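As structure tokens, the structure follows; a few thoughts come after it.
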Amino acid sequence: MQHLPMTIDPLHASEDRLRRRARQYIENRQLVAAQATLETLLERVPHDAVARMQLSDVLLERGQLRASTRELLAVMSGLPDDAALLTELARRLCIRGETIAARACLEHPSIAHESSASLLAVQAHLRWMLNEIPAALVLLERAMAAGVDTPDEHYLHAMLLQFSGQLEAAGAVLETCLRRWPTFSGAAMARARLRRQTAGSNHIDFLRAQLGRIPVDSHVAADNLVRAEFEHALFKELDDLGQYAEAWSALERSNAIMHALNPYDAAGEAAVTDAIIRLPLAGPAVSTQLPEFGGPIPVFIVGMPRSGSTLLDRMLSNHSEVVSAGEINELLRQLQWLADVPDGGVQRRVELINRSRDIDFKELGARYLRQTQWRAQGRGYYINKLPTNFPFVDIIHRALPHAPILHMVREPMDVCFSNLKAMFGNTSAYSYDLASLAHYHGQYVRLMRHWHATLPGAVLDVSYAALVQQPERVMREVLAYCRLDLEEDCLHPERNTAPVATPSSAQVREAIHSRGLGEWQHYAAQLEALRLALA
């Protein structure tokens with residue numbers, strides 16, 4: 001029998017070759033060639049969503065944030081009926097600060113009917129990235145019912161339950177985690193934080209037993225992180241029991257590991273502060289560029305991390321006209337887009353600050369509002385409680401002149417000790433070493449003094465000590481600054497049932513208390529070098 005020759009479509013063959021070539025260039029880190037190849041491919045097949053997402057990734061790696069974002073938004077013009085692809089697109093959009101487009105992907109009909117356990121889990125993580133905790137919890141529980149069964153997903157389940165106020169359920173999930181995976185250090189740390197440990201109910205023997213199984217001074221970073229997290233859990237439980245000498249030793253061991261894993265760049269931080277202070281401030285010429293202001297009003301809470309920003313957020317958002325959007329990074333993302341500078345180290349941060357001299361502040365304000373006002377949920381005000389927005393006070397003031405900026409102020413030793421014992425993971429490198437902590441606090445103080453001197457009245461200082469000791473007086477002042485009247489619920493954060501994503505989420509559901517004042521004094525001798533550095 002004679003076989004007819006197979007015909008090959010030369011156009012499709014050429015497209016396949018371009019795809020293979022682009023993948024090869026990407027694997028070999030030949031980004032310029034990869035970009036050129038993908039652009040040629042997209043001239044032929046402009047609706048190839050995968051190729052456009054690959055091009056977006058290449059452009060981002062080359063430092064072209066705006067062009068990278070533009071490629072992703074081009075995919076939005078004809079969303080594919082493919083849940084896996086939509087999920088990947090949503091992830092990239094989240095990273096680039098395109099929150100509205102990311103949510104449109106996640107609400108696409110093909111995703112709404114998705115039953116794949118792994119995709120449901122990824123979507124839960126994306127909702128968590130967007131600070132949509134109830135939606136994340138629903139998706140994760142669907143994923144687990146469909147068969148997802150990993151330590152990380154169980155841990156996220158516990159965290160989402162804790163953030164939702166379901167502390168007993170969160171504790172049960174963490175206990176199960178640690179029975180099945182006893183060396184899961186993140187779960188051990190979360191369990192220690194969930195409640196105050198007592199002499200009759202603690203996990204100190206378990207923690208010491210696990211530490212005995214973990215290599216000391218391993219050459220593997222992951223091993224060292226696990227050890228640091230177990231040491232930190234041990235510190236927390238010993239501290240609860242008042243065994244301060246042993247607790248300090250555990251904290252010191254934990255922080256020494258974390259400091260080695262995440263060295264602090266003091267010169268870089270000082271360079272960033274210097275660059276900010278050198279920026280020209282808002283003046284009369286800028287006022288013509290201010291955005292037209294309509295809709296819900298954003299409120300910013302800034303300051304050092306662990307300064308009491310969550311307590312202020314919980315009190316303020318218990319007002320009938322206010323909702324908390326949580327710690328959202330939208331301001332930085334929109335600033336990066338306008339300056340066309342992606343995330344990066346100190347050099348990129350300085351570049352971002354220098355380029356911000358020439359941005360259109362009207363557009364920055366409009367972009368921020370467009371990407372965030374959905375978070376107001378029908379209320380008149382919505383809070384962004386990301387403390388580390390404090391370097392951007394002038395930028396907030398220019399772009400969003402009607403937005404109240406509240407600066408949480410806490411006594412230096414209290415706030416520094418709270419950072420020292422916070423365990424932020426592989427971020428906040430300043431927090432694992434006394435000298436680094438004093439230096440970072442010094443940069444924060446420099447900036448806040450600069451804002452008060454150059455922008456009088458742009459920021460309202462809110463004393464943490466006064467807030468917990470005289471809550472009604474302080475809240476009247478805060479609410480008047482925001483042009484609101486006092487409501488009784490603002491004095492009762494324990495009545496606030498909204499989700500809250502913070503390491504202190506279990507504690508902030510309590511009534512106002514002053515236990516956080518002077519906690520550092522249990523370790524006064526060990527912290528003397530810090531006290532002298534701050535002084």
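The values are calculated or read from the model by the stated rules, or taken from the named source; none is laboratory data. Quick caveat: nothing in here was measured; it's all calculated off a predicted structure. Backbone-built Cβ (ideal geometry, glycine too); neighbour counts: all protein chains shown. Heavy atoms of the whole protein, side chains included, go into the accessibility calculation; ligands, DNA and RNA do not. Shrake-Rupley method; radii C 1.70, N 1.55, O 1.52, S 1.80 Å.
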Answer from A222, A209, A188, A199 - the residue that is aliphatic (A, V, I, L, M), touching a residue at least 40 places away in the same chain (Cβ under 8 Å) and within 18 Å of R253 (Cβ to Cβ): A188
When residues of the stretch 446-496 are limited to those that are touching a residue at least 24 places away in the same chain (Cβ under 8 Å) and in contact with a Lys or Arg (Cβ under 6 Å, 6 or more places away or on another chain), the one nearest to P401 (Cα to Cα): Y464
Residue ID - most open to solvent (accessible area, probe 1.4 Å), chosen from residues in the stretch 69-114 that are of a type in the set (D, E) and in a loop (DSSP other than H, G, I, E, B): D81
E153 open to solvent by 30 Å² or more (accessible area, probe 1.4 Å), closer than 22 Å to A506 by Cα and charged (D, E, K, R): no
Selection from the stretch 314-344 of residues that are of a type outside the set (D, E, K, R), in contact (Cβ under 8 Å) with a residue 60 or more places away in the chain and assigned to a helix (DSSP H, G or I): M315, L316, L331, L332, Q334, L335, Q336, W337
Which numbered condition L65 misses (of (1) in contact with an Asp or Glu (Cβ under 6 Å, 6 or more places away or on another chain); (2) without any contact (Cβ under 8 Å) to a residue 40 or more places away in the chain): (2)
Those residues of the stretch 20-30 which are among the aliphatic types (A, V, I, L, M) and open to solvent by 30 Å² or more (accessible area, probe 1.4 Å), in sequence order: I26
V508 being in a helix (DSSP H, G or I), over 25 Å from the mean Cα position of the chain (by Cα) and in contact (Cβ under 8 Å) with a residue 12 or more places away in the chain: no
Residue match in the stretch 178-200 (condition: open to solvent by 70 Å² or more (accessible area, probe 1.4 Å), farther than 27 Å from G516 by Cβ and basic (K, R)): yes
Residue in the stretch 351-393 that is farthest from I297 (Cα to Cα), counting only those that are charged (D, E, K, R) and either open to solvent by less than 10 Å² (accessible area, probe 1.4 Å) or not in a helix (DSSP H, G or I) (or both): D360
Failed criterion for Q507 (all others in (1) within 28 Å of N255 (Cα to Cα); (2) at pLDDT 95 or above hold): (2)
Residue match in the stretch 328-337 (condition: within 20 Å of the chain's Cα centre (by Cα), more than 30 Å from F163 (Cα to Cα) and surrounded by 16 or more Cβ atoms within 10 Å (Cβ to Cβ)): yes
Test: residue in the stretch 326-345 that is small (G, A, S) and in contact with a strand residue (DSSP E or B) (Cβ under 9 Å, 6 or more places away or on another chain): yes
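Here is a yes/no grid of residues against (1) within 22 Å of S324 (Cβ to Cβ); (2) of a type outside the set (V, I, T); (3) out of contact with any strand residue (DSSP E or B) (no Cβ under 7 Å at 6 or more places or on another chain):
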site	(1), (2), (3)
R370	yes, yes, yes
P387	yes, yes, no
M413	no, yes, yes
Y430	no, yes, yes
Test: residue in the stretch 330-345 that is over 21 Å from L93 (Cα atoms) and of a type in the set (V, I, T): no
Residue in the stretch 468-484 that is closer than 15 Å to H397 by Cα and crowded, with 18+ Cβ neighbours inside 10 Å present: yes
Restricting the stretch 41-53 to residues that are open to solvent by 50 Å² or more (accessible area, probe 1.4 Å) and assigned to a helix (DSSP H, G or I), the residue that is nearest to C105 (Cα to Cα): V50
Lone unmet requirement of (1) in a helix (DSSP H, G or I); (2) crowded, with 18+ Cβ neighbours inside 10 Å; (3) not polar (S, T, N, Q) for A435: (2)
Any hit, the stretch 130-147, residues being open to solvent by less than 20 Å² (accessible area, probe 1.4 Å), assigned to a loop (DSSP other than H, G, I, E, B), touching a residue at least 40 places away in the same chain (Cβ under 8 Å) and of a type outside the set (F, W, Y): no
Residues of the stretch 435-471 classified as of a type in the set (D, E, K, R) and more than 15 Å from D313 (Cα to Cα), total: 2
Single residue of the stretch 394-413 satisfying the filter (assigned to a helix (DSSP H, G or I) and touching a helix residue (DSSP H, G or I) at 6+ places or on another chain (Cβ under 6 Å)) that is surrounded by the most Cβ atoms within 10 Å (Cβ to Cβ): A399
G212, sole failed condition from (1) open to solvent by 30 Å² or more (accessible area, probe 1.4 Å); (2) in contact with a Cys (Cβ under 6 Å, 6 or more places away or on another chain): (2)
Selection count, the stretch 237-264, where residues are under 23 Å from the mean Cα position of the chain (by Cα) and charged (D, E, K, R): 0
Number of positions in the stretch 165-200 that are on the phi > 0 side of the Ramachandran plot and part of a helix (DSSP H, G or I): 0
Residue in the stretch 159-171 that is buried (at least 19 other Cβ atoms within 10 Å of the Cβ), acidic (D, E) and over 23 Å from D223 (Cα atoms) present: no
Residue match in the stretch 226-242 (condition: outside any helix (DSSP H, G or I), open to solvent by 20 Å² or more (accessible area, probe 1.4 Å) and modelled with pLDDT of 95 or more): yes
